[in-house]
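Undergrad: Before I ask anything, here is the structure I am working with.
The values are calculated or read from the model by the stated rules, or taken from the named source; none is laboratory data. Quantities reported herein were computed from a predicted structural model and do not represent experimental measurements. As a convention, Cβ positions derive from the backbone with ideal geometry for all residues, glycine included, and neighbour counts pool all protein chains shown. The accessibility values were calculated without ligands, DNA or RNA, using every heavy atom of the protein model including side chains. Shrake-Rupley method; radii C 1.70, N 1.55, O 1.52, S 1.80 Å.
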Amino acid sequence: MTLNPKYMHRHFLLHKPYGYLSQFIYQLKRKKRLLGELYDFPEGTMAIGRLDEDSEGLLLLTTDGKVSEQIRSKKVDKEYYVQVDGVITPEAIEQIKKGVEIGFNGTKYTTKPCEAFIVNEIPDFGPRGKKIRDERHGPTSWASITVNEGKFRQVRKMTAAVGFPTLRLVRIRIGNVHLNDLQAGEVKEIMNFE
């Protein structure tokens, strides 16, 4: 039995650049850059989860709502590389790993334990669309944080809670899918997300 291509779902990897919304439609009057400007996605394509306008990195897209639901579940890890203000300490990393208190929907929330470590080699993600700052403002450092929950701006709030505000956030992995060498704005169609 051959499947009709019209009914086959399509899946995409995208290196979402800084300054784009993780959506295709924006109803408000202010002009925003949207995913449809990066690639001619087929009708019915949806982003699986989201990255804030000022966040970058791996975004998965699909035409299959069931796949979207599976990947957004708490069973799938999401790994982020974060550039923070200052030289992050091992003590701060331990706090992040154990869980920190952040604000969420007007209440206090303690994040679930997660994986985190200091990244000693500066990652090469290329320049960001908007300059972060220069060396006159003091040192920065990088850390990896892997979570399987996704509260609003959670990773940014976690680093701020331990005294190291996030300057740049790049998602590098969702489950077994890695950003690898995709360049900012690049899209790659794949057969599945395994």
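Undergrad: Hey, can you tell me all the residues within segment 174-192 that are of a type in the set (A, V, I, L, M) and open to solvent by 40 Å² or more (accessible area, probe 1.4 Å)?
TA: Correct list: ALA184, MET191.
Undergrad: If you don't mind, there's one more thing I want to ask. Does VAL76 satisfy the criteria of being of a type in the set (A, V, I, L, M, F, W, C) and buried (at least 16 other Cβ atoms within 10 Å of the Cβ)?
TA: It is true that VAL76 is of a type in the set (A, V, I, L, M, F, W, C) and buried (at least 16 other Cβ atoms within 10 Å of the Cβ).
Undergrad: Also: Checking the condition of a type outside the set (A, V, I, L, M) and under 22 Å from ASN148 (Cα atoms), which residue from GLU43, GLU101 passes?
TA: Answer to the selection: GLU101.
Undergrad: For segment 4-80, which fully contained strands (runs of 3 or more DSSP E) count at least 2 residues that are touching a Phe, Trp or Tyr at 6+ places or on another chain (Cβ under 6 Å)?
TA: 56-62
Undergrad: Let me ask you something else. For GLY150, are the conditions met, namely being at pLDDT below 90, open to solvent by less than 50 Å² (accessible area, probe 1.4 Å) and not in a strand (DSSP E or B)?
TA: no
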